[in-house]
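What follows is a short report on a single structure.
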Amino acid sequence: MINKYLITSKEFYSDTPRVFCSVLYNQLKKYQPDYVLYRDKLNPHYNSMAKNFVETCKKLDSVKPFIHQNIDLAKELNAVGVHLTSTQFDEIAYAKELGLEVIISTHTHEEVLKAQGAGADAVTYSPIFASPGKGEPKGLNDLKEILCKCDIKVFALGGIVEDMQIKEVEKLGVYGFASIRYFY
């Protein structure tokens, strides 16, 4: 069974704590993702919302909460892990030393292999399908190529909004898929 990675967005989840927690909890119950990422880069109250996020995720035993970019905050809040950006390769070792699982964003074959060599637990590889503002999609053939080159867990990301797309990436042998819009 393919792993599901829900990524939050301010546009859907709100930045009002009570609304955020309610919507998040309902989406977690509805879609039962394995991994969940709190990502709201512009929120001035990021740390307090991240705390609400982790507390909401921990109400369900099967969900692994991840914090975006901030390793120390992820550790402080007892999140399972941290999702690093493609500019944070040099921080993988530090996050691992703190006992966090590490997922890192990648966009090239070289980045996937670099993440694997640096000890990350998984990568998101994107964009697979067309996604607003994310550039030219990689496509399924490119995804298949990188899966043949690496041993790291790969989450397909980018433009995954339909069950048919999930089935297509699952056939290739990805560890999972990540999405914002699929989980609306």
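The values are calculated or read from the model by the stated rules, or taken from the named source; none is laboratory data. This is a predicted model, so every value here is computed, not measured. Virtual Cβ from ideal backbone geometry, glycine too; neighbours counted across all protein chains shown.
Against the definition (more than 17 Å from residue 35 (Cα to Cα) and of a type in the set (Ser, Thr, Tyr)), how does residue 85 come out, yes or no?
Numbers: more than 17 Å from residue 35 (Cα to Cα): no; of a type in the set (Ser, Thr, Tyr): yes.
Spelling it out, it is not the case that residue 85 is more than 17 Å from residue 35 (Cα to Cα) and of a type in the set (Ser, Thr, Tyr).
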The listed residue being surrounded by 16 or more Cβ atoms within 10 Å (Cβ to Cβ) and not hydrophobic (A, V, I, L, M, F, W, C), out of 81, 135: 81
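Provide a single number: the residues in the stretch 166-180 that are more than 15 Å from residue 144 (Cβ to Cβ), under 13 Å from the mean Cα position of the chain (by Cα) and not small (Gly, Ala, Ser).
From the stretch 166-180, those more than 15 Å from residue 144 (Cβ to Cβ) are 166, 176, 178-180; that's our starting set.
Subsequent filtering for residues that are under 13 Å from the mean Cα position of the chain (by Cα) retains 176, 178-180.
Filter once more, keeping what is not small (Gly, Ala, Ser): 180.
Of the residues in that region, 1 qualify.
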Residue satisfying all of: in the stretch 96-132; more than 16 Å from the chain's Cα centre (by Cα) and of a type in the set (A, V, I, L, M); modelled with the lowest pLDDT among these: 130
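State all residues of the stretch 20-37 that are buried (at least 18 other Cβ atoms within 10 Å of the Cβ) and either of a type in the set (Gly, Ala, Ser) or closer than 16 Å to residue 155 by Cβ (or both); if no residue qualifies, say none.
As a first pass, look at the stretch 20-37 and keep what is buried (at least 18 other Cβ atoms within 10 Å of the Cβ): 20-21, 24, 27-28, 33, 35-37.
Scanning the stretch 20-37 gives 33, 35, 36, 37.
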Test: residue 165 is of a type in the set (S, T, N, Q), farther than 28 Å from residue 93 by Cβ and in a helix (DSSP H, G or I): yes
Test result for residue 114, outside any loop (DSSP other than H, G, I, E, B) and touching a helix residue (DSSP H, G or I) at 6+ places or on another chain (Cβ under 7 Å): yes
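I'd like the residue in the stretch 43-78 that is over 13 Å from the mean Cα position of the chain (by Cα) and of a type in the set (Phe, Trp, Tyr) and, out of all such residues, is surrounded by the fewest Cβ atoms within 10 Å (Cβ to Cβ). Outline the logic, then answer.
Let us first name the residues in the stretch 43-78 that are over 13 Å from the mean Cα position of the chain (by Cα), namely 43-62, 70-78.
Keeping just the survivors that are of a type in the set (Phe, Trp, Tyr) gives 46, 53.
Values: 46: 20, 53: 27.
Only one residue fits best here, namely 46.
Does the stretch 84-111 hold any residues that are in a loop (DSSP other than H, G, I, E, B) and surrounded by fewer than 17 Cβ atoms within 10 Å (Cβ to Cβ), and which are they?
Passing the criteria: 85, 86, 87, 98, 99, 108.
Out of the residues in the stretch 9-42 that are assigned to a loop (DSSP other than H, G, I, E, B) and more than 18 Å from the chain's Cα centre (by Cα), which is nearest to residue 177 (Cα to Cα)? Quick ask: steps written out before the conclusion?
Pass one, the stretch 9-42, residues assigned to a loop (DSSP other than H, G, I, E, B): 9, 14-16, 32-34, 39-42.
Of the ones still in play, those that are also more than 18 Å from the chain's Cα centre (by Cα) are 14-16.
On the way: 14: 23, 15: 25, 16: 27 Å.
Looking at the filtered set, the residue picked out is 14.
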Checklist (1) aliphatic (A, V, I, L, M); (2) more than 24 Å from residue 63 (Cβ to Cβ); (3) not in a helix (DSSP H, G or I) applied to residue 160, failing item: (2)
